[in-house]
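The values are calculated or read from the model by the stated rules, or taken from the named source; none is laboratory data. These numbers were taken from a predicted model, which means no experiment stands behind them. Because the Cβ atoms are built from the backbone with ideal geometry, glycine has one as well, and the counts that use them run over all protein chains shown. Each accessible area value is taken on the protein alone, full model and side chains, heavy atoms only, with ligands, DNA and RNA left out. Shrake-Rupley method; radii C 1.70, N 1.55, O 1.52, S 1.80 Å.
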Amino acid sequence: MRIILLGPPGSGKGTQAQLLIQRYGIVQLSTGEMLRAAVAAGTPVGLKAKEIMASGGLVPDDVVVGIISDRIDQPDARHGFILDGFPRTVPQAEALDELLKHKHIKLDAVIELRVNESALLSRVETRVAQMRERGEEVRVDDTPEVLTKRLASYRSLTEPLIHYYSERRKLSTIDGMMAIDEVTRAIHRLLLALGAVEPKSHTRSAAKAAPAKKAKKAAKKAAKSAKPAKKAVKGVKKAAKKTARKAVKKTAKKAVKKGSKKGPKKVTKKRAKR
Ligand code: AMP
């Protein structure tokens, strides 16, 4: 499965990506994380990106396209990936199309997490508070001033991707204002509907969450309750057939009684057809 998560900073892309990778065993390819790692390691890419990131600007397209292209080639991305934070501009999306074509990889979906802008600042503030609580280093670009700039760049450079992917019939939009697990469920339903995941991937994760014995019991119970359902369908079908036969007989009798000119047989057939 190969998907893109699209949404402004604070829309929950990172959180959803984390939950999806656990569920489907695929990898999250976050350009933001890769760039932060490059900055921390002091690589040439990191040195280039450091100031730009700190001020809330966008790192040049060729730099991020290069790191994504290399990352997709890694063995762990073979089974699928979630692109988080990439592409962020139309030229990046075009470059991605090209490189996926070249690598014979098909994109399953682009999922836009739609959120109210008014909620974003408080979401990012919550993220900062939680990171501080966990004793983690807070991102230098998670300040109200830089966030305002990141939002402006999202609006002008990234939002056009919504049109780009909807024109290519790849875009699906999910209400990102729902609770985290509701958003995850909505994404799962969407992936099922698109055929990007097997229905069993749902069962598998449910079974994983429950102890093996419990899962077995639940499966047995489900199988048992499925049987009466089958029976019920059969019963309904049988009853419907019986009613139809009765109606035909009744109509025929009536026609004979009335002494229809066309004769009972013809009327019966006609009515029965209806
Ligand atoms: P994120 O973690 O996705 O919020 O990204 C953090 C920062 O990394 C962004 O504000 C940009 O400066 C930079 N960045 C991440 N992804 C990209 C990208 N696809 N194109 C350009 N810059 C990026």
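For Met177, Met34, the ranking by accessible surface with the largest value first comes to Met177, Met34, using a 1.4 Å probe.
Inter-label distance, Gln74 to Glu98: 2.4 nm, where each label sits 7 Å from its Cα along the C-beta direction.
Among the listed pairs Lys101/Lys149; Lys50/Lys106; Lys13/Lys50; Lys103/Lys149; Lys50/Lys101, those with a Cα-Cα distance over 29 Å are Lys101/Lys149; Lys50/Lys106; Lys103/Lys149; Lys50/Lys101. Each residue, Leu157 and Val138, gets one label point 7 Å from its Cα in the Cβ direction; the gap between the two is 2.5 nm.
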